[in-house]
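Nothing in this text is a laboratory measurement; each read-out follows from the coordinates by a stated rule. Model, not experiment: these values are computed from the prediction. Quick reminder, even Gly has a Cβ in these numbers, built from the backbone with ideal geometry, and neighbours come from all protein chains shown.
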Amino acid sequence: MSERWSTLVVSPCPRLEGEVQVPGDKSISHRAVMLAALARGTSRVRGFLYGGDCEATLAAISALGLEVERPAPDDVILHSPGPEGWQEPPDVVDCANSGTTMRLLTGLLSGPPLTSVLTGSAQLRRRPMKRVTQPLRQMGACILGRRDGQYAPLAIRGGALRGITYELPVASAQVKSALILAGLFADSPTTIREPGPARDHTERMLCGLGAPISVKGHTITVHPLTTPLPPFDWTVPGDMSSAAFLMVAALLVLRGEVIIRNVGVNPTRTGLLDVLRRMGGHIELVNAREVGGEPVADLVVRPSPLRAVSVQGGTVVRMIDEFPVFAVAATQAQGRTEVRDAQELRVKETDRIAAVVRELHKMGAHIQELPDGFVVEGPCSLYGARVSSHGDHRLAMALAVAGLIASGTTEITDAGCIVDSYPTFVETLLHLGASLDMV
Ligand code: S3P
């Protein structure tokens with residue numbers, strides 16, 4: 001899936017100019033095909049993200065016996081018999097590098113009386129799974145996994161779930177969504193309380209389909225699903241987490257103007273946008289509208305001098321995937337930027353605190369690690385270096401943005417993982433006038 005041997009070579013970029021569209025939202029794409037499996041009939045997902053992570057989800061869903069078609073480059077059609085017609089996956093399900101695939105599927109497959117085994121890349125098998133296996137076991141699912149369910153591979157025997165009341169120890173949309181999906185199969189209501197504003201796409205999509213779910217503040221209640229979901233035709237908005245790289249690039253590169261069309265601006269996802277604006281970044285939202293129950297807008301971004309800020313608390317949750325590129329923005333901001341309360345970054349695709357600090361150091365950034373975040377002293381001049389993505393798509397793209405404003409050439413090794421979330425990233429930057437090469 002990922003071409004892990006490739007190196008991305010980035011040259012300094014004097015100007016970024018033009019209009020682009022980012023691919024479909026990764027979180028929503030995963031959820032859309034899982035909900036299509038819960039529906040009985042034919043559903044269509046437009047703007048589906050054909051990237052490594054979501055393709056893993058699509059393959060897993062088709063292993064349940066759904067017929068899958070690709071009628072257009074960014075669309076997927078799924079014919080589902082509904083959960084009572086799902087078959088047991090005939091082989092081990094490969095979740096590749098995708099934490100969302102594994103955690104949400106663990107919830108979904110805890111529902112029906114089927115046996116399945118989930119595994120993934122070495123990277124994914126190092127990521128914590130107890131956060132889903134423990135509450136799902138409390139609901140009655142039988143889940144076996146390495147170190148008592150802490151790590152994949154996970155073997156799941158679903159069925160006979162009971163509703164529970166569960167306080168999430170960390171704000172996690174993946175855990176919340178796993179419990180919501182399982183709750184649809186339980187014999188009584190499930191109540192989930194989250195400590196912070198984790199992305200709410202699952203709740204919105206289920207509400208939109210008339211599923212028995214209610215949300216009050218940070219408390220979600222799910223009732224058992226008595227009939228399959230209705231089939232749907234859904235359009236996925238562009239991914240804010242992909243737009244993030246273009247936003248930061250367009251603010252930092254000295255000249256030009258970038259318009260990013262059709263970006264999802266769900267408030268649980270706009271932490272970076274808010275913080276960049278607080279730093280003095282010129283980002284205008286125009287043409288605000290709603291697509292598939294999600295707020296969407298076009299973003300107009302212009303080069304801007306930035307000032308340092310502090311980021312902590314709920315804002316961290318609302319920009320949890322954006323810290324690698326935020327660190328790059330902070331290197332160009334005047335003053336001391338501090339990120340706290342972000343210890344979750346240590347259990348993402350990589351330990352993103354350690355990896356970002358280590359790689360940006362190589363480019364001359366004044367950045368220091370904290371147990372729960374990092375501190376950056378800016379502005380500082382970055383220089384090109386040979387850096388590594390550590391197999392983390394978001395780190396690879398953040399380093400590419402750093403390369404655009406560095407002096408000299410930046411080589412990012414192991415950059416093929418970019419396809420996990422943003423397969424057209426290089427093409428898009430080339431279109432805007434950057435000079436990059438995959439070798
Ligand atoms: C995701 C939730 C976030 C995020 C991940 C995608 C999702 O993880 O980091 O990239 O689609 O639910 P957590 O929920 O574990 O914070």
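Using helices alone, what [θ] at 222 nm do you get for the chain, with -39,500 (n - 2.57) per DSSP H run of 4 or more residues, divided over all residues and rounded to the nearest 500? Walk me through the numbers before you get to the answer.
On the way: 15 runs with 136 residues, N = 439.
Helix-only estimate at 222 nm: -9000 deg cm²/dmol.
Kindly identify the range 31-112 as rounded, prolate or oblate by the Cα gyration tensor criterion: order the square roots of the eigenvalues as a ≥ b ≥ c, call it rounded if a/c is under 1.5, otherwise compare a/b with b/c, prolate if a/b is larger, else oblate.
Values: a/c = 1.71, a/b = 1.09, b/c = 1.56.
Oblate, since a/c reaches 1.5 and b/c is not below a/b.
What dipole magnitude, in Debye to the nearest 20, does the chain give about its Cα centre under +1 on Lys/Arg Cβ and -1 on Asp/Glu Cβ? Walk me through the numbers on the way to the answer.
On the way: 42 positive and 45 negative charges, 205 e Å.
That gives a dipole near 980 debye.
Among Gln87, Gln21, Thr133, which residue has its Cα positioned farthest towards the positive end of the charge dipole of the range 1-148, with +1 placed on the Cβ of Lys and Arg, -1 on the Cβ of Asp and Glu, and the dipole taken about the Cα centre?
Value computed over the given set: Thr133.
How much length is gained if the chain between Asn287 and Leu430 is pulled fully straight, taking 0.36 nm per residue apart and subtracting their Cα-Cα distance, in nm to one decimal?
Values: separation 143, 0.36 × 143 = 51.48 nm, distance 2.54 nm.
Length gained, Asn287 through Leu430: 48.9 nm.
Would you mind calculating the gained length between Asp233 and His218 on full extension (0.36 nm times residue separation, minus the Cα-Cα distance), in nm to one decimal? Could the numbers behind the result be given before it?
Values: separation 15, 0.36 × 15 = 5.40 nm, distance 2.83 nm.
Full extension from Asp233 to His218 adds 2.6 nm.
Please compute the contact order of the range 347-410 in relative form: average sequence separation of alpha-carbon pairs under 8 Å and at least six residues apart, divided by the residue count, as a percent. Working shown, then result.
Details: 82 pairs, mean separation 20.5, N = 64.
Once normalised by length, the contact order is 32 percent.
Only sites in a loop by DSSP and with at most 10 other Cβ atoms within 10 Å count here; which chymotrypsin sites (Phe, Trp or Tyr not before Pro) in the range 1-80 make the cut? Show your work: numbers first, answer last.
On the way: sites: Trp5, Phe48, Tyr50; in loops: Trp5, Phe48, Tyr50.
Passing sites in the range 1-80 are Trp5.
Can you tell me the dipole magnitude for the range 120-215 around its Cα centre, using point charges on the Cβ only (Lys, Arg +1; Asp, Glu -1), in Debye to the nearest 20?
On the way: 14 positive and 6 negative charges, 105 e Å.
With Lys and Arg at +1 and Asp and Glu at -1, about 500 debye.
What span do the alpha-carbon atoms of the chain cover on each of the three principal axes, reported in whole Å from largest to smallest?
Principal axes ranked by extent give 60, 43, 42 Å for the Cα atoms.
For the range 26-223, calculate the relative contact order in percent as a whole number, restricting contacts to Cα pairs under 8 Å that are 6 or more residues apart.
Once divided by the residue count of the range 26-223, the mean separation gives 16 percent.
Using the Cα centre as the reference, give the magnitude of the dipole from point charges on the C-beta atoms of the range 26-223 (Lys, Arg: +1; Asp, Glu: -1; all else neutral), rounded to the nearest 20 debye. Before the final figure, lay out each step's value.
Numbers: 22 positive and 16 negative charges, 136 e Å.
It works out to roughly 660 debye.
May I ask you to order 278-285, 94-101 by the average number of other C-beta atoms within 10 Å around their residues, highest value first?
Numbers: 278-285: 17.1, 94-101: 24.2.
In descending order of packing, they fall as 94-101, 278-285.
Provide the packing ranking of 136-146, 110-120, i.e. peptides ordered by the mean count of other C-beta atoms within 10 Å per residue, highest first.
Values: 136-146: 18.5, 110-120: 20.1.
Final packing ranking: 110-120, 136-146.
With label points built 7 Å along Cα→Cβ from the Cα atoms of Gln138 and Glu88, find their separation and express it in nm.
2.9 nm
Calculate one ³J(HN,Hα) per residue across the range 236-241 by plugging θ = phi - 60° into the Karplus curve 6.51 cos²θ - 1.76 cosθ + 1.60, and present them in order as whole Hz with x for glycine and proline.
Whole-Hz 3J(HN,Hα) from phi for the range 236-241: 8, x, x, 7, 4, 6.
With point charges of +1 on the Cβ of Lys and Arg and -1 on the Cβ of Asp and Glu, referenced to the Cα centre of the range 140-255, which listed residue (Met240, Cys207, Thr221) lies farthest in the positive direction of the dipole?
Met240
Full extension from Ser381 to Arg162: what is 0.36 nm times the residue separation minus their Cα-Cα distance, to one decimal in nm? Can you show the working numbers first?
Details: separation 219, 0.36 × 219 = 78.84 nm, distance 5.69 nm.
Full-extension gain reported as 73.2 nm.
If I model a spin label as a point 7 Å beyond the Cα along the Cα-Cβ vector, how far apart are those points for Arg146 and Thr191 in nm?
Inter-label distance under the simple model: 3.8 nm.
Pop the C-beta distance of Ser62 and Cys207 into the FRET formula with R0 = 35 Å and round what comes out to the nearest 0.05. Please report the intermediate quantities before stating the final value.
Working: r = 26 Å, r/R0 = 0.76.
Working from the Cβ atoms, E equals 0.85.
Please work out how many pairs of lysine residues in the chain are eight or more positions apart (or on different chains) and have Cα atoms closer than 27 angstrom.
For the chain, the number of qualifying lysine pairs is 10.
Using θ = phi - 60° and the Karplus relation 6.51 cos²θ - 1.76 cosθ + 1.60, list the HN-Hα couplings for the range 422-436 in order, rounded to whole Hz, with x at every Gly or Pro.
Working through the residues one at a time gives 8, x, 9, 4, 5, 3, 5, 5, 4, 4, 7, x, 6, 10, 9 Hz.
For the chain, with the dipole built from +1 on Lys and Arg beta-carbon atoms and -1 on Asp and Glu ones, taken about the Cα centre, which of Leu104, Ser389, Ile405 lies farthest toward the positive end?
Positive-most Cα among the choices belongs to Leu104.
What number, in percent, do you get for the relative contact order of the chain if the mean sequence gap of Cα pairs under 8 Å and at least 6 apart is divided by its residue count?
Numbers: 1115 pairs, mean separation 87.9, N = 439.
After rounding, I find 20 percent.
What number do you get for the range 26-223 when its Cα radius of gyration is normalised by 2.2 N^0.38 Å, N = residues? Before the final figure, lay out each step's value.
On the way: Rg = 15.3 Å, N = 198, 2.2 N^0.38 = 16.4 Å.
Computed over Cα atoms of the range 26-223, the ratio equals 0.93.
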